[in-house]
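This report concerns only the one structure given below.
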Amino acid sequence: MSDIAKKTERGVTRSREGFFSKIAGLFSRARFDEATWDELEELLISADVGMETTEKLLGRVRKRARDEKLAEGTQVRTALKEEMVRLLDVPVKARDVAQDAGMKVILMVGVNGTGKTTSIAKLANEYKSSGRKVLLGAADTFRAAAIDQLKMWGGRVGVDVVAHQPGADPGAVVFDTLEAARSRAADVVIIDTAGRLQTKHNLMDELRKIRKVSGKYDAEQEVLLVIDATTGQNGLSQARSFTEATDVNGILLSKLDGTARGGIVLAICDLLQIPIKYIGTGEQVGDIAPFDPVSFVNAIFGDVT
């Protein structure tokens, strides 16, 4: 079993043992009748897949069942898994494909309380462990606690943090961070941003300003949105505010291990059409994994090999 598969399996343990164990149990039946389809729909909605995504997913599976004459539970199970993978496999835009060389700048966005700062530490640790030189920027200057927390995590993972005083201009922090990264030959820069400003208008203006500053540097630019898996459908409404405010390239789904409703992963990919790039699989700094649709679907159905 690959390392990604192992981490993914640990991250979805509660989901696999919760609603998805009930879903898997439906396929042990000899025939998949209309009553079973109704039960499957109810369980998927209960697992936080959501009404809209559930209807789309089951629409595809039912069409295949008719066209391919799938009557046995095991056959429908295979079709459901394949359609889940298809739904989760959101294409990456051509301009978002990782470059082979040069500095990479990652702006981390998301509301306060999603585990953004912890996720930054996990991501920094991943890059550092792969031999990359990492620098962090504390551009959430509206909360003194956010600056202190980032410094604490930077110390834990052995990565330098560029920070100003609370209330400083976030754009200035980004500028100083990128200047420091260039002078120190850093490979990866990860910048924390404010989780909540007074209005959506303020949020949009702040993120645009930060992106404008970072965009002046010759580097691969990425915006990762952190969504807390335990907030379920509420996380989607939060995510929409950020996708309207800035051009989000990918999603880091935190605290996946803390929910039994892992179906939110399907809703996020379907409704936001932004690829999930990483998942948080536990509380330790090493508990993060690149998101792989096949590994995820196999894990929630207990089919990890």
Can you tell me which of Gly258, Gly215, Gly286, Gly263 is of a type in the set (Gly, Ala, Ser) and surrounded by 17 or more Cβ atoms within 10 Å (Cβ to Cβ)?
Gly263
Working carefully through the options Arg14, Arg31, Arg64, Arg60, find the one that is at negative phi, surrounded by 15 or more Cβ atoms within 10 Å (Cβ to Cβ), touching a residue at least 40 places away in the same chain (Cβ under 8 Å) and charged (D, E, K, R).
Arg14
Taking the range 1-27 and keeping only residues that are more than 25 Å from Asp287 (Cβ to Cβ) and in contact with a helix residue (DSSP H, G or I) (Cβ under 6 Å, 6 or more places away or on another chain), one is left with Lys22, Ile23, Leu26, Phe27
If Thr53 meets every condition in (1) under 30 Å from Gly215 (Cα atoms); (2) in contact with a helix residue (DSSP H, G or I) (Cβ under 6 Å, 6 or more places away or on another chain) apart from one, which number is that one?
(1)
Give the number of residues within the range 61-95 that are farther than 17 Å from Ile23 by Cα and either assigned to a loop (DSSP other than H, G, I, E, B) or within 25 Å of the chain's Cα centre (by Cα) (or both).
13
Out of curiosity, is Leu44 crowded, with 23+ Cβ neighbours inside 10 Å and in contact with an Asp or Glu (Cβ under 6 Å, 6 or more places away or on another chain)?
no
Residue check, Leu225 within 29 Å of Cys269 (Cβ to Cβ), at pLDDT below 90 and touching a Ser or Thr at 6+ places or on another chain (Cβ under 8 Å)
no
Going through the range 216-245 one residue at a time, which ones are in contact with a strand residue (DSSP E or B) (Cβ under 6 Å, 6 or more places away or on another chain) and either in a helix (DSSP H, G or I) or under 15 Å from Gly137 (Cα atoms) (or both)?
Gln221, Glu222, Val223, Leu224, Ala229, Gly235, Ala239, Phe242
Whether any residue in the range 180-192 is of a type in the set (Asp, Glu) and either over 23 Å from Asp160 (Cα atoms) or crowded, with 22+ Cβ neighbours inside 10 Å (or both) is what I want to check.
yes
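The values are calculated or read from the model by the stated rules, or taken from the named source; none is laboratory data. In this text, all values refer to a predicted model and were calculated from it rather than measured experimentally. Neighbour counts are summed over all protein chains in view; Cβ atoms, including those assigned to glycine, are modelled from backbone coordinates with ideal geometry.
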